[in-house]
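To keep things clear, I will list the structure first and then write my remarks on it.
The values are calculated or read from the model by the stated rules, or taken from the named source; none is laboratory data. Fair warning: this is a prediction, and the values are worked out from it, not measured in the lab. We place every Cβ from the backbone using ideal geometry, glycine too, and count neighbours over all the protein chains shown. These accessible areas exclude ligands, DNA and RNA; they are computed on the full protein's heavy atoms, side chains included. Shrake-Rupley method; radii C 1.70, N 1.55, O 1.52, S 1.80 Å.
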Amino acid sequence: MIIFYHNNSIVTEVVSTDVILNLDVNKKYIVKMLLQVSTEYQDEILIWCDENERDNLNINAIDRIFHHKKVMVSYNPNRDVYFDSRIGYLEDTLFIKVNKSVKYPTWQMSSKVGAIHSSVINACKGDLCFDKNFDYFLNSFAKRAMPLGLLCYSEPKLLKKTNNRPTNSVPSLYKLFRFTKQHYKTRWVFLLFINLIIFEKKISIIPFISAFFYKERKLNSHRLNQIEIVSNRKNIEKGTIDVLIPTIGRKDYLLSVLENLESQTYQPTNVIIIEQNPDMKSFSELDYIQNGNWSFNIKHHFTHKTGACNARNIGLDMIESEFVFMADDDIVFENNLLEKAIQIFATTGTDVFQIACLLTSQKLIYKSPFQFSYFGAGHAFVRTSCLENLRFDVAYEYGFGEDNDFGMQIRNKGYDILFYSVSKIIHLKAPVGGFRTKPVLRWSHEEIQPKPSPTVMFFCLKYFSIEQLNCYKFILFTKNVKGKSIFHIIKHIVEFNKKWNKSMFWAKELIKS
């Protein structure tokens, strides 16, 4: 490990735990030193630390954090993000509002303390530009590399204890507009300008114009893709895996899924089936569970209470194995899917990941594993210990957002969600069962129907920053105003606000309940 101590981006000292260094650090910028040292020492973990945190740096945690090379971490307990909360006007992902109490996926890096492997810098060096501002350099690097498979985190274990030391000043709007132009599509420069006018009453003409003097920054993924995620963690003990499937009115489709599981090269221990039928006089139609000769144990629960959230919660209590495949009842997959999943757990140290779930008309495009902003309960593999005390929030029942809410619960426990394209699951999108009926929601009787759906608004209120929520509101408005005359736009504003306020009302009611 090589440690760079710095004061306002100027290196004060470079020390190593295991190699002899011969470096001139006299008033050199840390960005320049990082690029230089990564070339000379190509298999080292490079750590940066603000002089004020020298005695607080937790060296002992580094080896555990870097159980593989493709990681970038930093931590700043005193401020949400380098660009402050206004970065929410640009991005609606769950990587913006960071939970500082746990390891949390985000491209937002800090100069206070952090680390990266020198091989990652070397892989991307051709696209890395020198910048006197270390914070800007780090955020620019991570923003481009994270979608290409570099795993980036806010990691509180980098410090022995948090403190309330003063932080550097918040960057100007010039930096924010520059960052927008260099890392987002050009239209976001205009959207940022408009959002600042609408929601903050700021007319930032000069910062807006200055953005167009900068070019878009990109990162070549070729060399970064050559760095594989190979973990030194012992991630498997028993290697057992259960499959959890909620089902309703899809007898034939479910049978195909069971036959698919029967043909697996790596057999599940238990297949947990939660069958629903709202008819109080009904009973299970899945006769093949008892009549069939299955190589795995089937744990079948029949209930008259419908709802995916309730069904999956029942199933969560029935999981016994070390891992679980959370599946749908209308999917098709390769006969080595579970074998590949166990292999991913074993070799990468990953706790939660998703496999590509495609329609029959879609093709699988290979990508390096990357951090996924969404969670799908129909194509996810999870270490069972990650699910302790977690439940699907029944406030979302019959609405939208329960899967992503569950994913956020996982992230807020300190676990990441990766996306793997080594295999694929085909989602057949089967028609609903004959006894499925459209539910009557609490707001169904409203004369003014809420928009967006209150469950979507519920999710946004829980996990979005104020700026993200405002940007979502503006974009939703513009999508529905295209092609309208001025008169209709004014009328639409009135109607839109009524629907938005109604959605907000019911979302808050869901929070109360």
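For the reader, a short list of remarks on this structure follows.
- The chain, accessible surface, carbon-and-sulfur percent (1.4 angstrom probe): 53 percent
- Residue order by solvent-accessible surface for His488, His304, His117, His222 is His222, His488, His304, His117, largest first, with ligands and nucleic acids left out and a 1.4 Å probe.
- Distance-filtered residues of segment 32-68 - backbone nitrogen under 12 Å, label point 7 angstrom along Phe130 Cα→Cβ: 32-36
- For segment 155-277, with +1 on Lys and Arg beta carbons and -1 on Asp and Glu, the positive-most of Ile194, Tyr214, Ile272 along the dipole: Tyr214
- Shown here for segment 240-290: chymotrypsin sites (Phe, Trp or Tyr not before Pro) in loop regions (DSSP other than H, G, I, E, B) with at most 12 other Cβ atoms within 10 Å, namely Phe283.
- The chain shape via C-alpha gyration tensor axes, a/c threshold 1.5: oblate
- Under-5 Å amide H pairs with Val243, H placed in peptide plane, nonlocal only: Asn270, Val271, Ile272, Phe325
- Looking at segment 349-402, the GluC sites (Glu not before Pro) that sit in a DSSP loop and have at most 10 other Cβ atoms within 10 Å of their own Cβ are Glu388.
- Each helix, a run of at least 4 DSSP H residues, gives -39500 (n - 2.57); summed and divided by the residues of the chain, these come to -10000 deg cm²/dmol at 222 nm.
- Dipole in debye (nearest 20) - segment 100-192, about Cα centre, beta carbon charges: Lys, Arg +1; Asp, Glu -1: 220 debye
- Using C-alpha pairs below 8 Å separated by at least 6 residues, the relative contact order for segment 1-93 is 27 percent.
- Against the compact-protein benchmark of 2.2 N^0.38 Å, the Cα-based radius of gyration of segment 218-320 scales to 1.46.
- Trypsin sites (Lys or Arg not before Pro) within segment 121-158, DSSP loop, no more than 14 other Cβ atoms inside 10 Å: Lys132
- For segment 128-284, the relative contact order is 18 percent, taking Cα pairs closer than 8 Å that sit 6 or more residues apart in sequence and dividing their mean separation by the residue count.
- Percent antiparallel among DSSP beta bridges (both partners in the chain, rounded to 5): 50 percent
- Within segment 1-141: Cβ-based charge dipole about Cα centre, in debye rounded to nearest 20 (Lys, Arg +1; Asp, Glu -1): 240 debye
- Each Cα pair under 8 Å and six or more residues apart adds its sequence gap; the mean of these over the residue count of the chain is a relative contact order of 14 percent.
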